[in-house]
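Reviewing the structure listed below.
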Amino acid sequence: MSRKWTAALLAGALALTGPAGCGGEDAGSGGSGSGGGKITLGFSQVGAESGWRTANTKSIQESAATAGIDLKFSDAQGKQENQIKALRSFIAQRVDVIAFSPVVESGWDTVLKEAKDADIPVILTDRAVDSQDTSLYKSFIGSDFVLEGKKAGEWLVKEYEGKTDTVNIVELQGTPGAAPANDRKAGFADVIKADPKFKVIASQTGQFTRTDGKEVMEAFLKTYPDIDVLYAHNDDMGLGAIEAIEAAGKKPGTDIKIITVDAVKDGMTALAGGKINYIVECSPLLGPQLMDLAKKVKAGEQVPQRVLTEETTFTQEQAKAALPDRKY
Ligand code: GYE
């Protein structure tokens, strides 16, 4: 996956700055050159598994309203079969544009082909698909998840610089088969493998939810008495794990160091409070850019195949400073 996107980027894809600020300028103009009719956008969301997802849904709904786009929103409740049904229903309704955030990476070729045959452009939002035929969609807007995993690994390498003792790491993975789970795992592993003192002693899915994060961490704590670090693929699983760590009489952030991804408000609060040590940001505010792309695609304009979200990282001190202005 990462090699493909590297190629796409080299081919001139656009890196847009400031996730919240982009694409808003012509937001109220209603269809750029599409003949004035209101654009209908069918959007299939993953579900409501995390704080990130809630913020993402809000961003999409609000920016559709601002852009004057008629949004048909469908919640897949974490199931690929529901998403495929939703996409087929959008095709049957002949919406102008389809966008979706694929629950998992594989298994989309048939339905994407159906959309292409019906001449309905598709925009991938937030997560990628592994289809070889990239003509099946117009654009993919979202983060570089491999890079996020690498940033998590790089913090760890710095944190333990000069130390020789083994560092026992447990990992809470996102939804099995989802692009952010695959890529955040791969990016992290790629960075820490350079030093054999880093040992991932357990790695299991926590489904991107607090409940599962807590449950799996409880099991980890029972099996492994000497965990040094938790790497969770999102804040919610990290927050669930914090509850398990505290219930086991340990201090999160001190006895067990915690790295997560997302930087939603609850995660940032735990970071500022010393219970998480480092968060790699992943922006959910994709709505304005998505509406902009939908208008362009509908107007038959060329759009970049890859639109990359710009993101940062937060230490505890940086979280304290950023929290008062955090929107989600
Ligand atoms: O990190 C996680 C969510 O696809 C980037 O999905 C998204 C991920 C996000 O449930 O919290």
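Summarising the overall dimensions of the range 68-196 from its C-alpha atoms, the Rg and Dmax are 18.7, 61 angstrom. By other beta-carbon atoms within 10 Å, ranking T57, T269 with the fewest at the front produces T269, T57. Ordered by the count of other Cβ atoms within 10 Å of each Cβ, fewest first, L285, L239, L323 give L323, L285, L239. A quarter of the convex hull surface defined by the alpha-carbon atoms of the chain gives 16.3 nm² as the mean projection.
For C282, the residues whose modelled amide H falls within less than 5 Å of its own, excluding neighbours fewer than 5 places apart on the same chain, are D262, A263. Residue-wise HN-Hα couplings along the range 80-91, as the Karplus relation 6.51 cos²θ - 1.76 cosθ + 1.60 with θ = phi - 60° gives them from phi, are 4, 4, 5, 5, 4, 4, 4, 5, 5, 5, 4, 5 Hz; Gly and Pro carry x. Along its first, second and third principal axes, ordered by size, the range 181-328 spans 59, 35, 28 Å in Cα coordinates. Computed from backbone phi, the HN-Hα couplings of the range 282-295 come to 9, 7, x, 7, 8, x, x, 5, 5, 5, 4, 5, 4, 5 Hz, rounded to whole numbers (Karplus: 6.51 cos²θ - 1.76 cosθ + 1.60, θ = phi - 60°; Gly and Pro given as x).
In the elastic network of the chain, a GNM with C-alpha springs shorter than 10 Å, the most mobile of A65, A152, A99 is A65. Taking every C-alpha pair closer than 8 Å and separated by at least 6 residues, the mean separation divided by the residue count of the range 43-122 gives a relative contact order of 35 percent. Close amide H contacts of A99 (hydrogens built in the peptide plane, cut-off under 5 Å, sequence separation of 5 or more or a different chain): G42, F43, S44, I123.
The GluC sites (Glu not before Pro) found in the range 124-162 that occupy coil by DSSP, while having at most 13 further C-beta atoms within 10 Å, are E161. As a size descriptor, the averaged projected area of the C-alpha convex hull of the range 151-255 was calculated at 6.0 nm². Couplings for the range 170-184, taken from phi via the Karplus curve 6.51 cos²θ - 1.76 cosθ + 1.60 with θ = phi - 60°, read 10, 10, 9, 8, x, 3, x, x, 7, 3, x, 6, 4, 6, 5 Hz in order; Gly and Pro are left as x. Could you tell me which of A272, L239, Q318 has its Cα farthest along the dipole of the chain towards the positive end, charges placed at Cβ (Lys, Arg +1; Asp, Glu -1), taken about the Cα centre? Value: L239.
With 10 Å bins beginning at zero, the pair-distance distribution over Cα atoms of the range 87-132 amounts to 27, 60, 13 %.
Take the chain and mark each of the trypsin sites (Lys or Arg not before Pro) that is in a DSSP loop with at most 16 other Cβ atoms within 10 Å; the longest unmarked stretch, sites excluded, is 251-325.
None of the figures in this text is laboratory data; all of them are computed from the coordinates on show. Values in this document were obtained by computation on a predicted structure and should not be read as measured data. Here Cβ is always computed from backbone atoms with ideal geometry, including for glycine, and neighbour counts include all displayed protein chains.
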